[in-house]
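What follows is a set of notes on a single structure, which appears directly below.
The values are calculated or read from the model by the stated rules, or taken from the named source; none is laboratory data. Bear in mind that the values here come from a model prediction, so they are computed numbers and not experimental data. We place every Cβ from the backbone using ideal geometry, glycine too, and count neighbours over all the protein chains shown. Accessible surface areas use protein heavy atoms only, side chains included; no ligands, DNA or RNA. Shrake-Rupley method; radii C 1.70, N 1.55, O 1.52, S 1.80 Å.
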Amino acid sequence: MLSCFIEEVINFVVKLKKIGAIVGIDKKLTTHMVRRTFASTVLLYNDVPLEIVSGLLGHSSMKITQDSYGKVVQRRVSLEIERLKGS
């Protein structure tokens, strides 16, 4: 079972590197980058509550999620305040 999981991760990394090469990303792409991008841009910028993000990422406490993604949430709050001021 573990060897199957490891094989899937390796296949994912190979595909990730191919996609990066196709779109011209010179930076080394890692699964951790994909995880952080998913959490910050896909989840948090689409108003998924931090508690749900924490659960999806498998964090053992909300503090871990808040420490990692608190700036993203604060930026989102700032953007919403500016949007409301403009209304």
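Can you work out the PRE-style zone for Val34? Point 7 Å along Cα to Cβ, and I want the residues of the stretch 51-66 with backbone N under 20 Å. Counting backbone N atoms under 20 Å from the label point, the list is 53-59.
Of the trypsin sites (Lys or Arg not before Pro) in the stretch 24-56, which ones lie in a loop per DSSP and count no more than 15 other C-beta atoms within 10 Å?
Lys27, Lys28
Placing +1 on the Cβ of every Lys and Arg and -1 on the Cβ of every Asp and Glu, with no other charges, gives the stretch 1-79 a dipole of roughly 320 debye about its Cα centre. Surface composition of the stretch 42-84: carbon plus sulfur atoms contribute 59% of the solvent-accessible area (1.4 Å probe, protein chains only, all chains present). Couplings 3J(HN,Hα) of the stretch 76-82, computed from phi: 4, 4, 4, 5, 5, 4, 4 Hz, in residue order, whole Hz [Karplus 6.51 cos²θ - 1.76 cosθ + 1.60, θ = phi - 60°; x for Gly and Pro]. The distance from the alpha carbon centre of the stretch 42-87 to that of the stretch 11-32 is 26 Å, rounded to a whole number.
Between the residues Leu43, His32, Gly58, the greatest Cα displacement towards the positive end of the dipole of the chain, with unit charges on the Cβ of Lys, Arg, Asp and Glu, is found for His32. Only one of the listed values, (1) 12.6; (2) 5.9; (3) 7.9, was derived from the coordinates as mean projected area of the Cα convex hull in nm²; which label is it? Structure-derived value, by its label: (3). Largest accessible area first, the listed residues Ser68, Ser87 line up as Ser87, Ser68 when surface is computed with a 1.4 Å probe on the assembled protein chains. Largest GNM mean-square fluctuation among Asp26, Asp67, Asp47, using the chain with Cα springs under 10 Å: Asp26.
The modelled label-to-label distance between Arg76 and Thr41, using points 7 Å beyond Cα along the C-beta direction, is 1.6 nm. Estimated purely from DSSP H runs of n ≥ 4, each contributing -39500 (n - 2.57), the mean residue ellipticity at 222 nm for the chain is -23500 deg cm²/dmol once divided by its residues. In the full protein context, the chain carries 78 Å² of accessible surface per residue, based on a 1.4 Å probe and ignoring ligands, DNA and RNA. For the stretch 66-72, the Karplus equation 6.51 cos²θ - 1.76 cosθ + 1.60, evaluated at θ = phi - 60°, returns couplings of 5, 5, 7, 10, x, 5, 5 Hz by residue, with Gly and Pro reported as x. A 1.4 Å probe, protein heavy atoms only, puts the accessible area of Phe38 near 90 Å². With all projection directions averaged, the alpha carbon convex hull of the stretch 45-87 covers 3.0 nm².
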